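The values are calculated or read from the model by the stated rules, or taken from the named source; none is laboratory data. Just so it is clear, the structure is predicted and the values come from calculations on it, not from any experiment. So basically every Cβ, Gly included, is an ideal-geometry build from the backbone, and we count neighbours across all protein chains shown.
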């Protein structure tokens, strides 16, 4: 990883995107705005001592993965069928932009995705019509920052990468040029 994602974008991706889509200006080329990493706590939030023991461990792991402290998300209203109370913590989220986004994406592409068990590539259906890519990981252990020997709780992540592409075709080309592995 001798070149950063920013250098690759400026030197390789902009000229290729301008050639393919006929942009006249570098600023018209789509770029990545942000990445949002979500962790749904679901059933874990029902366990005793959740706020005292489980939640701090998950926050510590997510902070190590993303490089910044996550924000807790609370239930907006009570739902008896799910044993959910208004104000109860149901998830964590982190929004990454600029340098932290580039660092996270480099690690995701080069280290994390190759470590995922039975990984065959990301499906193109994971890109919506606005050009946003959504990836789900069942285990957070695939990140190199997590020591599996000290692991007490296992959780999954949802990663949403938001670009300013005008359509799905532009977004697919941008993600391919960035090096995101798609299914053949």
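Quick notes
- Scanning the range 153-165 for residues that are at pLDDT below 85 and surrounded by fewer than 18 Cβ atoms within 10 Å (Cβ to Cβ), we see that the one that is farthest from residue 55 (Cα to Cα) is 156.
- Only one of the numbered conditions (1) closer than 26 Å to residue 20 by Cα; (2) outside any strand (DSSP E or B); (3) under 14 Å from the mean Cα position of the chain (by Cα) is violated by residue 160, and that is (2).
- Residue within the range 143-152 that is assigned to a helix (DSSP H, G or I), exposed (fewer than 15 other Cβ atoms within 10 Å of the Cβ) and without any contact (Cβ under 8 Å) to a residue 24 or more places away in the chain present: no
- Applying the condition of being in contact with a helix residue (DSSP H, G or I) (Cβ under 8 Å, 6 or more places away or on another chain) and in a loop (DSSP other than H, G, I, E, B) to the range 131-142 and asking which residue is surrounded by the most Cβ atoms within 10 Å (Cβ to Cβ) yields 131.
- In the range 34-90, the residues that are on the phi > 0 side of the Ramachandran plot and either in contact (Cβ under 8 Å) with a residue 24 or more places away in the chain or out of contact with any strand residue (DSSP E or B) (no Cβ under 7 Å at 6 or more places or on another chain) (or both): 42, 49, 67, 83
- Filtered by the rule that a residue be closer than 21 Å to residue 114 by Cβ and touching a strand residue (DSSP E or B) at 6+ places or on another chain (Cβ under 7 Å), the range 131-154 gives 133, 134, 135, 136, 137, 140.
- Hey, residue 30 under 22 Å from residue 108 (Cβ atoms), at pLDDT 85 or above and either surrounded by 12 or more Cβ atoms within 10 Å (Cβ to Cβ) or within 23 Å of the chain's Cα centre (by Cα) (or both) or not: yes
- Close pairs (6 angstrom Cβ cut-off, 6 or more residues apart or separate chains): touching a residue at least 40 places away in the same chain (Cβ under 8 Å) and on the phi > 0 side of the Ramachandran plot in the range 110-131, loosely packed, with under 13 Cβ neighbours inside 10 Å and not in a helix (DSSP H, G or I) anywhere: 121/183
- Scanning the range 52-67 for residues that are more than 17 Å from residue 147 (Cβ to Cβ) and exposed (fewer than 12 other Cβ atoms within 10 Å of the Cβ) yields a single hit, 52.
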